Amino acid sequence: MITPPIFKLFNHRKAIYLAVFLSASLLIAVFALQYIGRLAACSLCLTQRWPHGIALGLGLVAMLPIIHAPARRFLLIMISIAFATTAGIGAYHAGIEYGWFIGPTTCSGNIDGNTIDELKRQLLAQPVMRCDEVTWSLLGISLAGYNFFISSALTIICGISLFVGAKDFRS
């Protein structure tokens, strides 16, 4: 039987390896920007990292030789859900940065008070980095925007691999 080229492009193993590689790369890059580049991260930036860490951990488990096909398929579904989650958070965060949405008050609220003590309390309660400020961008796209694009692509690749690569999954 002749295998269509699409089956060679999208299979479970390749999707899992790609998910592990890109999740690890994204996490290394944002930690390097934060700790080496001294780029402060807001609370939504930190929240976007968790699904990548989950996808990385699930992908590493899925790569183990003792994991059988049904378990690997389930793990790939969970990886795809993790990427969809971080893509959604990234879209929301980018929307806040570009003024399309109103951000959470804990991360993008205004300071207004009638007394010095009230202003002082509000200033001390404000986060170091606000979610509605773009700290870094390339070609007009912020890190949250890039996270949205990359994570959306990974969601689609993992999803296609689940359906197109189902035949290859038994191996």
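A few remarks follow.
- Residues in the range 53-83 that are of a type in the set (A, V, I, L, M), touching a residue at least 12 places away in the same chain (Cβ under 8 Å) and open to solvent by 50 Å² or more (accessible area, probe 1.4 Å): Ile54, Leu60, Val61, Met63, Ile77, Met78.
- Test: residue in the range 26-39 that is in a helix (DSSP H, G or I), open to solvent by less than 30 Å² (accessible area, probe 1.4 Å), under 17 Å from Phe148 (Cα atoms) and in contact with a helix residue (DSSP H, G or I) (Cβ under 9 Å, 6 or more places away or on another chain): yes
- Any hit, the range 85-95, residues being more than 23 Å from Gly140 (Cα to Cα) and surrounded by 22 or more Cβ atoms within 10 Å (Cβ to Cβ): no
- Residue in the range 1-17 that is modelled with the highest pLDDT, counting only those that are open to solvent by 60 Å² or more (accessible area, probe 1.4 Å) and either in contact with a His (Cβ under 9 Å, 6 or more places away or on another chain) or part of a helix (DSSP H, G or I) (or both): Tyr17
- Once the range 53-93 is narrowed to residues that are in a loop (DSSP other than H, G, I, E, B) and of a type outside the set (A, V, I, L, M, F, W, C), the residue that is modelled with the highest pLDDT is Pro65.
- Residue in the range 134-152 that is modelled with pLDDT under 80, of a type in the set (Ser, Thr, Tyr) and in a helix (DSSP H, G or I) present: no
- Only listed residue being open to solvent by 40 Å² or more (accessible area, probe 1.4 Å) and either part of a helix (DSSP H, G or I) or within 20 Å of Ile156 (Cα to Cα) (or both), chosen from Trp50, Trp100: Trp50
The values are calculated or read from the model by the stated rules, or taken from the named source; none is laboratory data. This one's a predicted model, so the numbers in the text were calculated from it and none came from an experiment. Virtual Cβ from ideal backbone geometry, glycine too; neighbours counted across all protein chains shown. For the accessible areas, the whole protein counts, side chains as well, though only heavy atoms, and no ligand, DNA or RNA atoms are used. Shrake-Rupley method; radii C 1.70, N 1.55, O 1.52, S 1.80 Å.
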